[in-house]
């Protein structure tokens with residue numbers, strides 16, 4: 001690295017995972033590059049068996065299937081090598097503060113280990129990017145429409161600009177769908193088994209099942225959680241979940257559970 005002065009190693013980390021929730025999802029691939037003062041580099045890349053199924057939507061994103069990790073080490077088995085590689089290095093990556101490092105800590109905790117970053121620097125390139133490259137409507141207008149947005153932050157001007165930006169985006173990216181529904185489906189993929197808009201509950205054999213939560217919650221029928229772990233559902237009602245999900249949870253606490261609609265027979 002030509003523009004960064006290092007006094008100790010800097011480890012860049014990136015994870016491929018079973019999902020996007022760092023508190024409950026698992027690592028399926030880990031790659032780290034250690035840059036030493038003077039420029040020497042070391043690399044560690046590992047496939048990890050997450051010990052849970054990899055959701056199809058995650059496989060569509062990173063291409064890793066259950067078969068690919070069937071004979072890979074579990075995270076607990078790989079953890080000592082990972083910690084040795086990190087050692088006392090500073091840490092870096094893209095969105096590491098909000099995703100990669102919290103998930104790495106969680107995986108280590110499951111293995112009975114800890115990631116102690118006290119006294120270390122954490123450099124997040126995404127934070128630098130967001131701070132230095134405007135990402136608002138005016139910036140999008142300049143990028144796609146080739147001019148300055150006049151009257152920015154006035155509702156009508158902003159709305160007119162958004163019309164122009166979307167049209168210019170479709171012209172610039174011919175691979176994008178040409179219909180609103182196509183764009184929605186592309187950027188808001190949904191598990192066909194999902195019950196609520198966020199996919200926190202899914203159908204399994206016509207039974208509503210928890211698709212997130214701690215290891216002792218995830219994968220259990222909603223009916224069972226409502227009977228034995230009401231506190232968890234009550235906690236959900238206090239948090240910022242989708243209103244549709246909260247309505248289902250409230251019903252479950254009252255003993256009413258979702259019923260899967262079936263297509264009428266012809």
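Summary of computed values
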quantity	calculated
Computed [θ] at 222 nm, deg cm²/dmol, the chain (DSSP H ≥ 4; -39,500 (n - 2.57); rounded to nearest 500)	-11000 deg cm²/dmol
Rule-of-thumb Rg ratio for the chain [Cα; 2.2 N^0.38 Å; N residues]	1.24
Rounded FRET efficiency, nearest 0.05, which uses the C-beta distance separating residue 31 from residue 184 and R0 of 30 Å	0.40
Where Rh is the Kirkwood radius over Cα pairs, Rg/Rh for region 137-178	1.00
Residue order, fewest to most beta carbons within 10 Å, for 241, 61	61, 241
Fully extended contour minus Cα-Cα distance, from residue 21 to residue 60, at 0.36 nm per residue	12.4 nm
Euclidean distance between Cα centres, region 48-109 to region 170-218, Å	23
20 °C / 1.002 mPa s Stokes-Einstein diffusion coefficient of region 10-128, Kirkwood radius on C-alpha pairs, µm²/s	147
Projected-area mean, region 201-253, by convex hull of Cα positions, square nanometres	3.4
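Coordinate-derived values only; no laboratory data. Just so you know, these numbers come straight off a predicted model, no measurement behind them. Heads up, the Cβs are rebuilt from the backbone with ideal geometry, glycines too, and the neighbour counts pull from every protein chain shown.
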